[in-house]
1. For Ala27 and Ala116 in the same chain, what is the full-extension length gain: residue separation times 0.36 nm, less their Cα-Cα distance, in nm?
2. How long is the gain from Ala7 to Leu51 if the chain were fully straight, where each residue apart is worth 0.36 nm and the alpha carbon distance is subtracted?
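Since every read-out is calculated from the coordinates, none of them should be taken as a lab result. On a predicted model such as this, the values are computed, not experimentally measured, just so you know.
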Amino acid sequence: MTERLAAAAHCVPALQPYVPGLRSAFAALTTCDAGPPAQRIHGDLHLGQVLRAGREWFVIDFEGERPGRSPNGAAPLPRAGHPPDAALLRLRRPAAPPWRPQWARRCREAYCAGYAARAGWDPRKKHGLLRAYETDRAVYEVLYEARHRPDWLPVPMAAIERLAVKGD
């Protein structure tokens, strides 16, 4: 995580002032307990990758995120050990300022509550673990948006500011 942060900050100078605060999210992993059992995750699951038919939902993308592709093109296995898929916590929605933080908080709370009800453990009770993985995801999104959709960069940068400064 810290290596990914350093690489992203090198490529996206706007990230550099937040690096110390973001590193603190990763450093907290050394003092928190292990959390839930390891599980494979998608890594990039969002509503654009599901279909709804009647009352049922179907996942249509099983590849997930592939940023760790090796030089020979072989894709790694999906990451393991994460709490709920941090991509779903990161509500990526382009919006003109002001961003609606109350809406994002309600969505995040509903997702975590639903996850807790089904998984048998509450990710909100593992604040350090959840913050670290959400921070790692936001760092990934900053780099992605800077490279592919610079107009959307303010969306993950708002999360970076929240995660680095407030530690939420």
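1. Numbers: separation 89, 0.36 × 89 = 32.04 nm, distance 2.49 nm.
Going from the current span to full extension adds 29.6 nm.
2. That pair, Ala7 and Leu51, stretches by 12.3 nm at full extension.
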